[in-house]
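Step one of this worksheet: look at the structure below.
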Amino acid sequence: MKSLLLMSAALATLALTTLAQAEDKPVYELRIYTTNEGKLPNLNARFRDHTAPLFEKHGMTNIGYWTPTDPALKDNTLIYILKHDSPAAAKKSWAAFMADPDWVKAKTASEADGKLVSKAESVYMTETDFSPHNLENGDQERLFELRKYTCDPGRLPNLHKRFRDGELDLFTKAGMTHIAYFTPTETPDTLIYIVAHKDAADAAKSWDAFRTNPEWIKMKADSRADGPIVTKVESTMMVPVDYSALK
């Protein structure tokens, strides 16, 4: 586990180096953990009882924690988002967390029967100017969707304009709830966002309504008049864990 933690720290340091010249404004961190077989319940217990509270202790804000619904991922994957006050604050918070005796003790105890995490991914992001920043909980537990769009080089501004000028409104019209929209600091031609649905059936209905909407068909065609914008779309359906702040 020591080597994994060192690797995670190295990834965080590399990403934060890129942010060093950024404005002193909040940054978000999308983290995805893949567990060893059968260890997701142990990881959730560690987060619930120790890790998440210690994050808050050291200045990080817990935004949300989820597990994917995909059968291949639901038993071994944890996805979560943290908020940091600034790039410098993120670096300071992680250093303090890693050195906290309470964390060292919790980690050691939780791994008495073997390591929990086999892979840790970290993506630092800034919120877009059109992001609704909707972190309010719904009336009931919802299905969340994490989406990642990869654009042709230099085409992200076109995608942002399309979302800003109407695509967000069409999502709302189709019944989706906006959560937040981000641009990763390491991959400038990428958009990452989260929307919420009532359930899987509602998600399918909303996407069908959106894709067949004549307004969207025209908007998409007009935006692509001088070439394609999005070259790859990735979608992960997720359900919040019991200790997630956002549900």
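A few comments on the model shown:
- Pairwise FRET efficiency - Ser235 versus Asp24, Cβ, R0 = 30 Å, nearest 0.05: 0.35
- Mean accessible surface per residue for the chain, computed with a 1.4 Å probe while every protein chain stays in place, in Å²: 49
- Dividing the mean sequence gap of close Cα pairs (under 8 Å, 6+ apart) by how many residues region 95-247 holds gives a relative contact order of 34 percent.
- Here each label is just a point 7 Å from Cα along the line to Cβ, and for Asp226 and Asp165 those points are 1.1 nm apart.
- Environment charge of Trp207, counting only residues whose C-beta is closer than 12 Å and scoring Lys/Arg +1, Asp/Glu -1: 0
- Solvent-accessible area assigned to carbon and sulfur over the chain amounts to 54 percent, based on a 1.4 Å probe.
- Simple rule: put +1 on each Lys or Arg Cβ and -1 on each Asp or Glu Cβ in the chain, find the dipole, and look at Phe97, Gly38, Leu146; the Cα lying farthest toward the positive end is Gly38.
- Entries in Lys92/Lys148; Lys115/Lys148; Lys148/Lys205; Lys107/Lys148 that, when Cα-Cα distance is taken, lie over 22 Å: Lys92/Lys148; Lys115/Lys148; Lys107/Lys148
- Projecting the Cα atoms of Asn134, Thr231, Thr187 onto the charge dipole of region 93-247 (Cβ charges, centred on the Cα centre) puts Thr231 farthest toward the positive pole.
- Rg/Rh (Cα only; Kirkwood hydrodynamic radius) as it applies to region 108-218: 1.07
- Label positions at Ala45 and Glu215, each projected 7 Å from the Cα along the C-beta direction, are separated by 5.0 nm.
- Overall form of the chain per C-alpha gyration tensor (a/c, 1.5; a/b vs b/c): prolate
- Cα-centre dipole for the chain with unit charges at Cβ (Lys and Arg positive, Asp and Glu negative), debye to 20: 320
- Residue-averaged 222 nm ellipticity for the chain, from DSSP H runs of 4+ at -39500 (n - 2.57), nearest 500: -10500 deg cm²/dmol
The values are calculated or read from the model by the stated rules, or taken from the named source; none is laboratory data. These numbers were taken from a predicted model, which means no experiment stands behind them. Cβ coordinates were reconstructed from backbone atoms using ideal geometry, including for glycine residues, and neighbour counts include every protein chain displayed. The accessibility values were calculated without ligands, DNA or RNA, using every heavy atom of the protein model including side chains. Shrake-Rupley method; radii C 1.70, N 1.55, O 1.52, S 1.80 Å.
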